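Here is the structure we will look at, set down as structure tokens.
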Amino acid sequence: MTVDDRFGTDFEEQRQQRLGTARGERRHGPVSDFATDFSHVEPEWYEDPYPVQDDLRQRCPIAHTERFGGAWLPTRYEDVAAVAYDTDKFSSRAIIMNDLRPPLDIAPVGAAPPISSDPPFHHSARKLLLPAFTKTAVGKLEPGTRAFCHELIDSFAGRDVVDAAREYASHIPMRVIGDMLGFPPEDNARFGEFVEGVLEGIGDEPEVRMARGQKLNEYLLAQIQDHVANPRDDLTTYLLNAELFGKKLDPFHVAGTMTLLLIAGIDTTWSAVGASLWHLAKTPADRKRLAAEPELLPTAMEEFLRAFAPVTMARLVREDVQWNGVDMKADDWVLLSFPAANRDPAQFERAGEVVIDRQVNRHVAFGLGIHRCVGSHLARMELRVALEVWMQRIPEFSLADPSAVTWAPGQVRGPRALPLRIGA
């Protein structure tokens, strides 16, 4: 089988068949009680989830909902960790909670390996990506990332108000990930649309989501075909040439991993940079201290990751099981809120506060267990450089209109509109 043969005319049709079928009645709208009817796509959650999480942690630490075909939400650190480490009872074959369940035979590879892969396949799929995300490899990307951050801020010249989410935070990972995959720089503007379609539109009708997914897949297929014709030194060509168990990667493995790198690689950092700037804009004491003590930034950055962890992951229950006092059914979702775990007072002192000089900070913003983020070195570099450059160039800034700040729904939470007034 040649590289070209793997991506034939029936590739898209087969991909659609792998998306799965709906389970249960679709139900969206206001939440009556998060203990029995939670939803991560309603504004009561994504606009400010922390009071909800604190309440559940006290009165119903493992919440349930019939939405999305049945799902559970643990909010204590110990419960989130227990699920994350238990690959026998919980499958990762799908990690975005919605109305659809992918077919069982998609395991152990899943739709976006390695994050969607179960053992033992997961180990091999993850190992393929490790060389691209070592500290050494990431270090080579830092000068270009820093220069690009300066370019973005240069473009703000003469303006009093900028949208730090759309005009700064989003562009940094789009450029970095796009370059790593070898995609044309002029396509960066499309990546935000792909991110929002995959992660933020999960409350939409399945047909709408599938149409968005088809646009993304068509784009990736075009990039794959271009790389087949014009190989170069980037991650796309690497995946096309990579082998597992003596064979070229399955075409869905290639496209799924590219989807993972593009979507997760962009949205997580976009959200982390935006949330950090949001906190500094509304907290003058922390902003002034960081401006006066730039050496504190690496410590403060870890606290931003803890307090505003962007990522929540999902698992699927493998078979009916009683777990920590609740009766979970096969194919129920379990929503792993790493943000909730990071604010558990049983694990962190002053858990609900942002303490920028916190010394002991074993946060789980990058996840736990075998699926801990493979790109954590890259994300940390991007976040650190983005904040360093911003604080050097724009040490004084504030929220231009707090009511105009909006947040992304779904499982990756960060500011989507963040108008900041820059300068004194």
Query raised in the report: Does region 56-68 contain at least one residue that is open to solvent by 60 Å² or more (accessible area, probe 1.4 Å) and either within 18 Å of ARG372 (Cα to Cα) or polar (S, T, N, Q) (or both)?
Result: yes
Report task. Would you check which residues across region 154-179 are open to solvent by less than 50 Å² (accessible area, probe 1.4 Å) and in a helix (DSSP H, G or I) and list them? Result -> ALA165, TYR168, ALA169, ILE172, PRO173, MET174, VAL176, ILE177, GLY178
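If you scan region 55-74, which residues turn out to be closer than 22 Å to GLU319 by Cα and either at pLDDT 95 or above or not in a helix (DSSP H, G or I) (or both)?
Looking only at region 55-74, we keep the residues that are closer than 22 Å to GLU319 by Cα, and these are 61-74.
Listed by number, the residues that qualify are PRO61, ILE62, ALA63, HIS64, THR65, GLU66, GLY70, ALA71, TRP72, LEU73, PRO74.
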Query raised in the report: Which of (1) outside any helix (DSSP H, G or I); (2) in contact with a helix residue (DSSP H, G or I) (Cβ under 6 Å, 6 or more places away or on another chain) is the odd one out, the single condition ASP88 does not satisfy?
Result: (2)
Query raised in the report: Where residues in region 206-232 are at pLDDT 90 or above and among the aliphatic types (A, V, I, L, M), which of them is surrounded by the most Cβ atoms within 10 Å (Cβ to Cβ)?
Result: ILE224
Query raised in the report: Is it true that ALA132 is touching a residue at least 60 places away in the same chain (Cβ under 8 Å) and assigned to a helix (DSSP H, G or I)?
Result: yes
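When the residues of region 231-245 are filtered to those that are among the charged types (D, E, K, R) and more than 24 Å from the chain's Cα centre (by Cα), which remaining residue is farthest from LEU129 (Cα to Cα)?
From region 231-245, those among the charged types (D, E, K, R) are 232-234, 243; that's our starting set.
Filter once more, so that each one left must be more than 24 Å from the chain's Cα centre (by Cα): 232-233, 243.
Numbers: ARG232: 17, ASP233: 15, GLU243: 12 Å.
My answer is ARG232.
Among the listed residues GLY203, GLY182, identify the single one that is surrounded by 17 or more Cβ atoms within 10 Å (Cβ to Cβ), free of Cβ contacts under 8 Å to residues at least 60 places away in the same chain and over 15 Å from the mean Cα position of the chain (by Cα).
Values: GLY203 fails: free of Cβ contacts under 8 Å to residues at least 60 places away in the same chain.
Only one candidate passes the filter, namely GLY182.
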Query raised in the report: When you scan region 235-350 for helices (runs of 4 or more DSSP H) that lie fully inside it, which ones turn up with 1 or more residues that are open to solvent by less than 10 Å² (accessible area, probe 1.4 Å) and over 22 Å from CYS60 (Cα atoms)?
Result: 235-241, 251-282, 284-292, 297-307
Query raised in the report: Scanning for something in contact with a helix residue (DSSP H, G or I) (Cβ under 7 Å, 6 or more places away or on another chain), open to solvent by 10 Å² or more (accessible area, probe 1.4 Å) and not hydroxyl-bearing (Ser, Thr, Tyr), does region 73-80 turn up at least one residue?
Result: yes
Requested in this report: Mind listing whichever residues of region 351-378 are open to solvent by 20 Å² or more (accessible area, probe 1.4 Å) and part of a helix (DSSP H, G or I)?
Outcome: GLY369, ILE370, HIS371, HIS377
Query raised in the report: Just a yes or no: is a residue in region 379-389 surrounded by fewer than 22 Cβ atoms within 10 Å (Cβ to Cβ) and in contact with a strand residue (DSSP E or B) (Cβ under 6 Å, 6 or more places away or on another chain)?
Result: no
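The values are calculated or read from the model by the stated rules, or taken from the named source; none is laboratory data. The shown structure was predicted, so the numbers you read here are calculated from the model rather than taken from an experiment. Note that each Cβ is placed from the backbone with ideal geometry, even for glycine, and that neighbours are counted across all protein chains shown. We work out accessible area using only protein heavy atoms, side chains counted, and drop any ligands, DNA or RNA first. Shrake-Rupley method; radii C 1.70, N 1.55, O 1.52, S 1.80 Å.
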